[in-house]
Amino acid sequence: MMNEILKIKGLKKSYGKRTVLSVKELSIEKGSVMAIIGPSGAGKSTLLRIINRLETPSAGEIVYFGDTKLTDQSGNIELQRKMTMVFQKPTLLDRSVYDNIAFGLKARKFEKVEIEKRVISALQTIGLLELKDQKARTLSGGEAQRVAFARALVLDPEIILLDEPTANLDPANVGMLEALIRKINLEKGTTVVIVTHNLLQAKRLATHVAFFYDGNLLEYGDMHRVLDDPIKDKTRDFVEGRMIY
């Protein structure tokens, strides 16, 4: 791929003798939306955690932004600040909605005026400005996930990693979050890597798709090519609903 923001080579994650993830090669282009699909236990979330350096790979390498190669959790806070991750179940602080969204900015020593500007803008974007003073832990599931998403957005990351961000949400909140994902990708050029079980969501959002099975990356490429005309039999079985797992 041209203009790669992430390039993964020979990546493995093992626990004892059991290998849970094996990626010979995977490239993610700057400004793309990469959907990571596959059955449960395929290694999708493990890959995201390794990219975000929450876990250390057993072997292999990841090249970030074309020049930074890191395979462990050491150093480089600047690299860490270029990425952020939103999990399936949001973990919010026992503080106001405003303070939850502002938390990362305060930790990075942003000026108070800039923090307020970013947080208010994010609250308007997610449609929760009127709840800015409410305790975050009193929010509904959909509202809480929107706050978690806003907390990531205010940091203006180059890469946002999403691990099943809409799995527990009703259709209205799914639609709202998908609109936010499209917005940051199209307007800011943010690279998005999203783990999803929802093939329709992958079709709605993704420019590229990677299919994982039993810890192995079997196939990746243009979204239409992978989902509409897969090369591998297991990919076809999965996208056509014939896979039993």
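The values are calculated or read from the model by the stated rules, or taken from the named source; none is laboratory data. Every value quoted in this text rests on a predicted model; they were computed, and no experiment measured them. Every residue, glycine among them, receives a Cβ derived from its backbone with ideal geometry; neighbour counts consider all protein chains shown.
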Residue ID - modelled with the lowest pLDDT, chosen from residues in the stretch 87-145 that are part of a helix (DSSP H, G or I) and touching a Phe, Trp or Tyr at 6+ places or on another chain (Cβ under 7 Å): ILE126
Inter-residue pairs, beta-carbon under 9 Å, first of a type in the set (Gly, Ala, Ser) and in the stretch 25-37, second surrounded by fewer than 17 Cβ atoms within 10 Å (Cβ to Cβ) and part of a loop (DSSP other than H, G, I, E, B), 6+ apart: SER27/MET1; GLY31/ASN3; GLY31/GLY189; GLY31/THR207; SER32/MET1; SER32/THR207; ALA35/THR207
Residue ranges of strands (runs of 3 or more DSSP E) in the stretch 188-238 with at least 1 members in contact with a Phe, Trp or Tyr (Cβ under 8 Å, 6 or more places away or on another chain) and at pLDDT 95 or above: 208-213, 216-222
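Could you list, in sequence order, the residues of the stretch 8-25 that are assigned to a strand (DSSP E or B), surrounded by fewer than 18 Cβ atoms within 10 Å (Cβ to Cβ) and at negative phi?
Applying the first criterion (assigned to a strand (DSSP E or B)) to the stretch 8-25 yields 8-15, 18-25.
When the remaining residues are screened for being surrounded by fewer than 18 Cβ atoms within 10 Å (Cβ to Cβ), the result is 9-10, 12, 14-15, 18-20, 24-25.
Matches in the stretch 8-25: LYS9, LYS12, SER14, TYR15, ARG18, THR19, VAL20, LYS24, GLU25.
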Count - residues of the stretch 167-186 that are farther than 15 Å from ILE126 by Cβ and either assigned to a helix (DSSP H, G or I) or in contact (Cβ under 8 Å) with a residue 60 or more places away in the chain (or both): 5
Residue in the stretch 41-52 that is within 29 Å of VAL239 (Cα to Cα), out of contact with any Pro (no Cβ under 9 Å at 6 or more places or on another chain) and part of a strand (DSSP E or B) present: no
